[in-house]
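The values are calculated or read from the model by the stated rules, or taken from the named source; none is laboratory data. All of these numbers come straight from a predicted model, not from anything done at the bench. For neighbour counting, all protein chains shown are included, and Cβ atoms are generated from backbone atoms with ideal geometry for every residue, glycine included. The protein model used for the area step is the full one, side chains on, heavy atoms only, and it has no ligands, DNA or RNA in it. Shrake-Rupley method; radii C 1.70, N 1.55, O 1.52, S 1.80 Å.
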Amino acid sequence: MASRRKVLAAGLGAAAAAIGSRRAAAGTATEPATEPGALGAPLLSPPYGQPSPFEKGVVRKLWHPTTIPQIGVSLTPLQDLHGIITPAGLHYERHHAGVPAIDPDRHELLIHGMVQRPLIFSMDDLLRLPSVSKIHFLECSGNSQLWKQAPATATVQDTHGMLSCSEWTGVRLSDLLDQVGIKPGAHWILAEGADGAAMTRSIPLSKALDDAIVAYAQNGEMLRPEQGFPLRLLLPGFEGNTNIKWLRRLKIGAAPWMTREETSKYTDIMPNTGGRARQFAFVMEVKSVVTTPSGGQRLRGPGFREIRGLAWSGRGAIRRVEVSTDGGTSWRDAALQGPVLPICLTRFRLPWHWEGAPATILSRATDDRGNVQPTHDALVAERGPAAYYHYNAIHAWSLAASGDVTNAV
Ligand SMILES: Nc1nc2c(c(=O)[nH]1)N[C@H]1C(S)=C(S)[C@@H](COP(=O)(O)O)O[C@H]1N2
Ligand SMILES: [Mo]
């Protein structure tokens, strides 16, 4: 019987039929536990809908306790999400000086520097222009640093939670640059935020002219305050830090400005270079992680179980995800859930029958440019032990015979 169920479990539809935890006895009247209720809650309770109260545990959490609560990171609960879109209220946050309260009616964007006509745009001006909507992930380049401490209790929220994915709507930056007219010799743009940090980053003009969006909306509604309301820069595939929130100024110039965020921070000291650093490594490389089963979860007994996870690349679309349940000795191709979009989270899934023995679960993504997610050892060999940003190595979860899942990195 057990082997027959196992055979059934190999096919997806049959597997689902064999998994129900309670058997409706043949010929006997059986009822599901959930019965039709009396008159329920009225319309508009509340006017802006909220998740079920039973989902109250699905929240962002701090990366680590911060002494100054305005400066730090909150993480997306990847283990609790489905599909590829991150609900706006669960988008990770990274603030360097808290969330400013900006009145959109008073907000302005200045574009100046090496231009023919410096211009100031109001939100009203921007909303009248041709709009574009794109689904893209956003990842902090400091994501997954936790491997350095590697607590066994880490969840995927801890290890990969500086990652979210939204549909972003706004104006093409290239359209705005057309209006101001770029002067010859310009190669860089300085983007500045209106928060207390006045965060500034130098962006290559080529990126600005390619696919950069000056975004005002996220998943169908205006940006959340935490995501930069009323205006942010969205640079598909570039490290989170360059996606300046509360955007107030763009200055066109010939050379990068060497701001704090591109000199003392967001650079990688490279091995065997006499202390030289890799600078302006903007693109977030191909990466993936298994979200089910993942750290902190407990599997209730052997049997059929779908392995699920997310894959993404700042260079293009995901072409392939392989999954190993034996620590990398053998690999199987996971199915990619469509739509498989460029520079976007891609959901992968693999039907699996857990025999109940200890297992080490890994995933390895390949993008459509042929980039393959590296092993931890390969990445450290290339970047050195001091590398901090842009960590995209294969992640491992350890599944014990008890069903407990722990971080194996
Ligand atoms: N103005 C401003 N822009 C900012 C930041 C900031 O602190 N101030 N943080 C940056 C960093 S480090 C990241 S990872 C992303 C995070 O965007 P999110 O908070 O919408 O997830 O915003 C970037 N843009
Ligand atoms: Mo970041």
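Rolling a 1.4 angstrom probe over the protein heavy atoms with all chains in place gives segment 287-407 an accessible area of 40 Å² per residue.
Can you send over the solvent-accessible area of Asp105, 1.4 Å probe, protein chains only, in Å² to the nearest 10? Roughly 140 Å² of Asp105 is accessible to a 1.4 Å probe. Using C-alpha pairs below 8 Å separated by at least 6 residues, the relative contact order for segment 287-407 is 34 percent. Backbone amide hydrogens, once placed in the peptide plane, bring Val115 within less than 5 Å of Lys183, excluding anything fewer than 5 places away on its chain. Applied to segment 151-159, the Karplus parametrisation 6.51 cos²θ - 1.76 cosθ + 1.60 on θ = phi - 60° returns per-residue 3J(HN,Hα) values of x, 4, 7, 4, 9, 5, 5, 5, 7 Hz, with x for Gly and Pro. Fully extending the segment from Thr66 to Arg300, taken as 0.36 nm per residue of separation minus the present Cα-Cα distance, adds 80.7 nm.
Taking a ≥ b ≥ c as the square roots of the Cα gyration tensor eigenvalues, segment 49-152 comes out prolate, since a/c reaches at least 1.5 and a/b is larger than b/c. Lys183 contributes an accessible area of around 90 Å² to the protein surface, as traced by a 1.4 Å probe with all chains present. Each label point was placed 7 Å from the Cα along the Cα-to-Cβ direction; for Leu44 and Phe280 their separation is 5.5 nm. Less than 5 angstrom separates the built amide H of Gly295 from those of Val156, all sequence-distant by 5 or more or on a different chain.
Across the options Pro271, Thr242, Leu119, the greatest Cα extent toward the positive end of the charge dipole of the chain (unit charges at beta carbon of Lys, Arg, Asp, Glu) belongs to Pro271. Fully extending the segment from Ser131 to Ala386 would add 87.6 nm, taking 0.36 nm per residue of separation and subtracting the current Cα-Cα distance.
Backbone amide hydrogens, once placed in the peptide plane, bring Ala197 within less than 5 Å of Ala97, excluding anything fewer than 5 places away on its chain. Residue pairs exceeding 28 angstrom between C-alpha atoms, taken from Lys56/Lys265; Lys61/Lys287; Lys61/Lys207; Lys61/Lys251; Lys56/Lys207; Lys183/Lys265: Lys56/Lys265; Lys61/Lys207; Lys61/Lys251; Lys56/Lys207; Lys183/Lys265. Between Glu35 and Val58, take the C-beta separation as r, use R0 = 25 Å, and let me know the FRET efficiency to the nearest 0.05. In this case the efficiency is close to 0.45. Net length available on complete extension from Ile85 to Asp368 is 99.8 nm, with 0.36 nm assigned per residue and the Cα-Cα distance removed. On the accessible surface of the chain, probed at 1.4 Å, how many percent belong to carbon and sulfur atoms? On the chain, the fraction of accessible area on carbon and sulfur atoms equals 55 percent.
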